[in-house]
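So the structure is just underneath, and the comments pick up after that.
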Amino acid sequence: MSTSVLLEAGIRKANAVVATLSSDALNLALVTLSKHYGVPQIVVRMSDRDFAEPYRIAGANHVIGTIDLAVSTMTNAIEYPDVESMMHFEHGQVEVLKLPVPGNCYVAGRTVAQVAQDSRFPAGSLIIGYQAHPYEDLMIPNGSTVLEAGSTILVVTKPDLVHQMINFLGLCSNHPPIVKASHPDL
């Protein structure tokens, strides 16, 4: 990494730097230089957890652990196979789910208002996004938005309501069963 290359690239005027170099040591150097040149927003990919505190001391605003992210993604894929993606907020107090609306789904053909007023809809949950087709933009739905089969919705809910939300929507998994393997030495 060369400071002349960073200066030539305009680091002094940068609003953000994302450090995703090949090693934590190089990323730490980039975070330190970015802070030195006054970059206000510094995001870093961390491979080794021992670098978490050094990154924060050096001035990283966000430290994203690749192992934690991978484990969380895999766990969600196993535990919630019907959820296209899931994000945790406020240390896991809130979940945002990206869910398909298949033709056999309970909400297909209903409006957001009809869905929200259903007594079985998990209390405190909200439909916050709607994408009619994969190639269309995500929109913020209102009460009259009809949830079409083949669309996608974003739902915010509490972690303990995720299964209830999936069941309410009527999503059905078409995935192979999970086989637990054990080894006597483990």
Members of the stretch 122-146 found to be under 17 Å from Asp82 (Cβ atoms) and touching a helix residue (DSSP H, G or I) at 6+ places or on another chain (Cβ under 7 Å), listed by number: Pro122, Ser125, Ile127
The stretch 1-51: number of residues that are surrounded by fewer than 16 Cβ atoms within 10 Å (Cβ to Cβ), among the aliphatic types (A, V, I, L, M) and not in a loop (DSSP other than H, G, I, E, B): 7
Residues of the stretch 151-185 that turn out to be surrounded by fewer than 14 Cβ atoms within 10 Å (Cβ to Cβ), modelled with pLDDT under 75 and closer than 23 Å to Arg110 by Cα, as a count: 2
Inter-residue pairs, beta-carbon under 8 Å, first aromatic (Phe, Trp, Tyr) and in the stretch 126-155, second assigned to a strand (DSSP E or B), 6+ apart: Tyr130/Met139; Tyr130/Ser151; Tyr130/Thr152; Tyr130/Ile153; Tyr130/Leu154
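The values are calculated or read from the model by the stated rules, or taken from the named source; none is laboratory data. Predicted, not measured: the structure shown is a model, and the values here were computed from it. Because the Cβ atoms are built from the backbone with ideal geometry, glycine has one as well, and the counts that use them run over all protein chains shown.
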